[in-house]
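The values are calculated or read from the model by the stated rules, or taken from the named source; none is laboratory data. Values in this document were obtained by computation on a predicted structure and should not be read as measured data. Neighbour counts run over all protein chains shown; Cβ positions are idealised from the backbone, glycine included. Note: accessible area is taken over every heavy atom of the protein model, side chains too, but ligands, DNA and RNA are not part of it. Shrake-Rupley method; radii C 1.70, N 1.55, O 1.52, S 1.80 Å.
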Amino acid sequence: MKSVIVIGMNVDAGVGWLNVEHCSMLLKPPLSLNFRFSPQTSIFRARNSRNSRMAPPILSLALPSNTGRVLSIQSHTVQGYVGNKSAVFPLQLLGYDVDPINSVQFSNHTGYPTFKGQVLNGQQLWDLIEGLEGNDLLFYTHLLTGYIGSESFLNTVLQVVSKLRSTNPGLSYVCDPVMGDEGKLYVPQELVSVYREKVVPVASMLTPNQFEAELLTGFRIQSEGHGQEACRLLHAAGPSKVIITSINIDGILLLIGSHQKEKGEPPRQFKIVIPKIPAYFTGTGDLMTALLLGWSNKYPDNLEIAAELAVSSLQAVLHRTLSDYKSAGHDPESTSLEIRLIQSQDDICTPQVKLKAEIYS
């Protein structure tokens, strides 16, 4: 049966407009992936209050990609690849329309001797959301968040989640709960409880590292079994998909993933053993979460396949980065390394899977 849509008409311009909220209710696209509107819906037009004529159609809404439309709220640097600079380009290569909001804009990442720039506050974030809403531009299939430095900004992000889901109840929220690593906390302590009590319950997929998973669960991870149990605890709190992106057990680096398809059912869990590279890279966590979003949406019922593809892409990027620094005569163990993202686009689009997932029985 075809959907019947009532549209408003601009008599002067002779073209129609359709509210995005109405569209999401009438057409009911699949909740979080591969949604496709019918040809009859290619009439989206932004209303311009300053002009009696309609603005051109918003093509990312009128002719959406097969993958989705992502709002990414992360940091931004002018030089280098961290935050949105590390996440947006890979998602675009994988076919997503991505709208970035930069929580900070710095000259470079904070590992350099100096940096300068601006920090977005919660009200400024909300102003951007209201601007989008005022033009019926708030239909997103995914929300992606990374490093957030203040409690007020994180609470505003929670309001954004609620607002986006009021437009698209099927919104998938992919959260990288960036709080620290290797026992060191690098956000204010009060953010830990906000993540644990408010963010985890509304997340669709969570991508903590070992330390962050421990903070969120209050459970010490000292074995693979502990990693599996931490995933189960996080499922009970909210997200159906959990990937602990790095766990160090007796010198072996692991990724442990877990997908609980139905509440109350045992999750399907797996691990990927990751070879260690003797160097420190910036932006890898941001890239990894973006890749996991991109591939898990393409393989919604096979999180282990998505993880294999994401890990394989990341490993290829890191090896190319290492090789290029060595070619430039730089000792890769002497400083942190900026990843070679643009040069690795083939590895992002079509990764060669060399690291396979092992399913836990």
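Here are some notes:
- Among the residues of region 68-97, those identified as part of a strand (DSSP E or B), open to solvent by 10 Å² or more (accessible area, probe 1.4 Å) and closer than 17 Å to residue 285 by Cβ are 75, 76.
- The residues of region 98-123 that are assigned to a helix (DSSP H, G or I) and either open to solvent by 80 Å² or more (accessible area, probe 1.4 Å) or farther than 30 Å from residue 68 by Cα (or both) amount to a single one, 123.
- If you go through region 309-341 and keep only what is among the polar types (S, T, N, Q), more than 18 Å from residue 81 (Cβ to Cβ) and assigned to a helix (DSSP H, G or I), you end up with 312, 327.
- Tally, over region 287-301, of residues that are in contact (Cβ under 8 Å) with a residue 60 or more places away in the chain and either surrounded by fewer than 22 Cβ atoms within 10 Å (Cβ to Cβ) or touching an Asp or Glu at 6+ places or on another chain (Cβ under 7 Å) (or both): 3
- Residue 283 being farther than 21 Å from residue 173 by Cβ and over 20 Å from the mean Cα position of the chain (by Cα): no
- Boolean, residue 65 is among the hydroxyl-bearing types (Ser, Thr, Tyr), surrounded by fewer than 24 Cβ atoms within 10 Å (Cβ to Cβ) and in contact (Cβ under 8 Å) with a residue 12 or more places away in the chain: yes
- Residue selected from region 135-151 under the condition outside any loop (DSSP other than H, G, I, E, B) and modelled with pLDDT of 95 or more, by the criterion nearest to residue 192 (Cα to Cα): 145
- Within region 318-344, being in contact (Cβ under 8 Å) with a residue 12 or more places away in the chain and surrounded by fewer than 12 Cβ atoms within 10 Å (Cβ to Cβ) holds for 333, 342.
- Count of region 161-202 residues which are in a loop (DSSP other than H, G, I, E, B) and within 16 Å of residue 245 (Cα to Cα): 6
- Considering residues of region 250-286 that are over 15 Å from residue 232 (Cβ atoms) and without any contact (Cβ under 8 Å) to a residue 40 or more places away in the chain only, the residue most open to solvent (accessible area, probe 1.4 Å): 250
- Scanning region 345-361 for residues that are open to solvent by 90 Å² or more (accessible area, probe 1.4 Å) and at pLDDT 95 or above, we see that the one that is farthest from residue 82 (Cα to Cα) is 358.
This table checks each residue for (1) modelled with pLDDT of 50 or more; (2) more than 24 Å from the chain's Cα centre (by Cα).
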{"position": "10", "(1), (2)": "no, yes"}
{"position": "57", "(1), (2)": "yes, yes"}
{"position": "62", "(1), (2)": "yes, no"}
{"position": "86", "(1), (2)": "yes, no"}
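- Every residue from region 216-239 that is in contact (Cβ under 8 Å) with a residue 24 or more places away in the chain, surrounded by fewer than 19 Cβ atoms within 10 Å (Cβ to Cβ) and over 23 Å from residue 312 (Cα atoms): 222, 223, 232, 237, 238
- Residue 200 open to solvent by less than 20 Å² (accessible area, probe 1.4 Å) and over 21 Å from residue 257 (Cα atoms): no
- Flag for residue 250 being among the acidic types (Asp, Glu) and modelled with pLDDT of 95 or more: no
- Annotation note: of 184, 85, 116, 163, the sole residue that is touching a residue at least 60 places away in the same chain (Cβ under 8 Å) and among the basic types (Lys, Arg) is 85.
- Residue list for region 144-178, filter: under 28 Å from residue 248 (Cα atoms) and touching a strand residue (DSSP E or B) at 6+ places or on another chain (Cβ under 6 Å): 144, 145, 146, 147, 173, 174, 175
- Residue that is most open to solvent (accessible area, probe 1.4 Å), among those in region 171-197 that are of a type in the set (D, E, K, R) and closer than 18 Å to residue 219 by Cα: 182
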